[in-house]
Amino acid sequence: GENVEQHPSTLSVQEGDSAVIKCTYSDSASNYFPWYKQELGKGPQLIIDIRSNVGEKKDQRIAVTLNKTAKHFSLHITETQPEDSAVYFCAASPDNYGQNFVFGPGTRLSVLP
Amino acid sequence: GAVVSQHPSWVICKSGTSVKIECRSLDFQATTMFWYRQFPKQSLMLMATSNEGSKATYEQGVEKDKFLINHASLTLSTLTVTSAHPEDSSFYICSASGTTQETQYFGPGTRLLVL
């Protein structure tokens, strides 16, 4: 079955710097890769996603890149702000309908003012 | 965006009692709903997947008689923790997807504390 690894487990950056979180997956059949942000005591919130037919997607300060050959995808946050501090989870799925997500273990991001 | 609600947001109960958690999709029809469990500082663990009008599919190791799931309509799924014990204390999160939402949208979670 699918296995998703995520690095680093914790990340501290200064406000205004960039943050990069990387996930690797094992199943070449996976073709949908969402990223979720979870604040303390809340449910995960979808922040960006990418499908296997594109290599990069950007939404304001957030971008995701996908390398299907190497089986890894990364979340890039630029100009970080204290409110970006949260736990970020990546996931991989082999279908296009929101089913069968396999989540990474999460990355705790701290943005220091 | 798609909105999923959960109720209650937190609950405290005595050991041996049953607790029901509701999950609703507010602005879309959720053909599939998912129930996750999350322990502190850990990732989300899928408990079961339910399709509207069908029996839920439980992940290995999840007791279906203890965690009863009902998905009776396209906007509502319920999780009932029966005869709850302290080890059932956790953060329970639902998510939903539909034919027009090709991803999962999560609810805010329900924190359960069993005394």
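The values are calculated or read from the model by the stated rules, or taken from the named source; none is laboratory data. It should be emphasised that the depicted structure is a prediction, and the values quoted were computed from it without experimental measurement. Quick reminder, even Gly has a Cβ in these numbers, built from the backbone with ideal geometry, and neighbours come from all protein chains shown. The protein model used for the area step is the full one, side chains on, heavy atoms only, and it has no ligands, DNA or RNA in it. Shrake-Rupley method; radii C 1.70, N 1.55, O 1.52, S 1.80 Å.
Quick rundown of the values:
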| item | result |
| --- | --- |
| Cys residues of the protein assembly as shown counted as unpaired, since no other Cys beta-carbon is under 4.7 Å | B:CYS13 |
| Estimated FRET transfer efficiency (A:SER26, B:SER15; beta-carbon r; R0 30 Å; 0.05) | 0.15 |
| B:GLU22-B:GLN60 FRET efficiency (beta carbon distance; Förster radius 25 Å; 0.05 resolution) | 0.45 |
| Carbon + sulfur, % of accessible area of chain B - ligands and nucleic acids excluded, 1.4 Å | 52 percent |
| Residue list for the range B:19-45, given a label point 7 angstrom along the Cα-to-Cβ vector of B:LEU68 and an amide N cut-off under 16 Å | B:19-23 |
| Interface residues, the range A:31-59 - accessible area loss of 50 Å² or more versus chain alone, probe 1.4 Å | A:PRO44 |
| Cleavage-rule hits, chymotrypsin sites (Phe, Trp or Tyr not before Pro), the range A:73-106, DSSP coil, Cβ neighbours within 10 Å at most 16 | A:TYR97 |
| Mean accessible surface per residue for the range B:1-114, computed with a 1.4 Å probe while every protein chain stays in place, in Å² | 49 Å² |
| Mean separation of Cα contacts under 8 Å, 6 or more apart, over the residue count of the range B:1-42: relative contact order % | 45 percent |
| GNM result for chain B, Cα springs below 10 Å: residue of B:ILE69, B:ILE21, B:ILE12 fluctuating most strongly | B:ILE12 |
| Among B:SER77, B:SER90, B:SER54: highest mean-square fluctuation, GNM of chain B, C-alpha pairs under 10 Å | B:SER54 |
| Share, in percent, of DSSP beta bridges within the protein assembly as shown that are antiparallel, nearest 5 | 90 percent |
| Given charges at Cβ of Lys, Arg, Asp, Glu: chain A dipole, positive-most of A:SER28, A:ILE47, A:VAL64 | A:SER28 |
| Global form of the range B:9-71, assessed from the alpha-carbon gyration tensor, a/c cut-off 1.5 | rounded |
| Sequence-distant lysines (8 or more away, or on other chains) whose Cα lies within less than 22 Å of B:LYS41 | A:LYS22, A:LYS37, A:LYS42 |
| Antiparallel DSSP beta bridges within chain A, as percent of all bridges there, nearest 5 | 90 percent |
| Solvent exposure ordering (accessible area, 1.4 Å, most first) of A:TYR32, B:TYR105 | B:TYR105, A:TYR32 |
| All-pairs Cα distance distribution in the range B:38-88, expressed in whole percent, bin size 5 Å | 4, 19, 25, 25, 18, 8, 2 |
| Rounded percent of accessible protein surface that carbon and sulfur make up, chain A, 1.4 Å probe | 47 percent |
| B:HIS85-A:THR78 pseudo-label distance in nm [points 7 Å out on the Cα-to-Cβ vector] | 5.3 nm |
| More than 21 Å apart - percent of Cα-Cα pairs taken over the protein assembly as shown | 56 percent |
| For the pair A and B, total buried accessible area rounded to nearest 100 Å², probe 1.4 Å | 1400 Å² |
| Cross-link reach list, lysines versus B:LYS55, counting only Cα pairs under 25 Å and skipping chain neighbours closer than eight places | B:LYS20, B:LYS64, B:LYS66 |
| Over chain A: Kirkwood hydrodynamic radius from C-alpha pairwise inverse distances, Å | 14.0 Å |
| Residue with peak Gaussian network fluctuation, chain A [Cα springs, cutoff 10 Å], from A:LEU46, A:LEU66, A:LEU75 | A:LEU46 |
| Within chain B, longest stretch free of exposed trypsin sites (Lys or Arg not before Pro) [DSSP loop, at most 12 other beta carbons within 10 Å] | B:56-115 |
| Amide proton proximity set for A:SER12, modelled H, under 5 Å, gap of 5+ | A:SER110 |
| Neighbourhood charge, 14 Å Cβ-Cβ cut-off, centred on A:ILE77 and excluding it, Lys, Arg +1 and Asp, Glu -1 | 0 |
| Relative contact order (percent, whole number), chain A, Cα cutoff 8 Å, 6+ residue spacing | 37 percent |
| Within chain A: Cβ-based charge dipole about Cα centre, in debye rounded to nearest 20 (Lys, Arg +1; Asp, Glu -1) | 180 debye |
| Residues of the range A:70-113 with amide N under 16 Å of a point placed 7 Å along Cα→Cβ from B:LYS41 | A:86-88, A:105-110 |
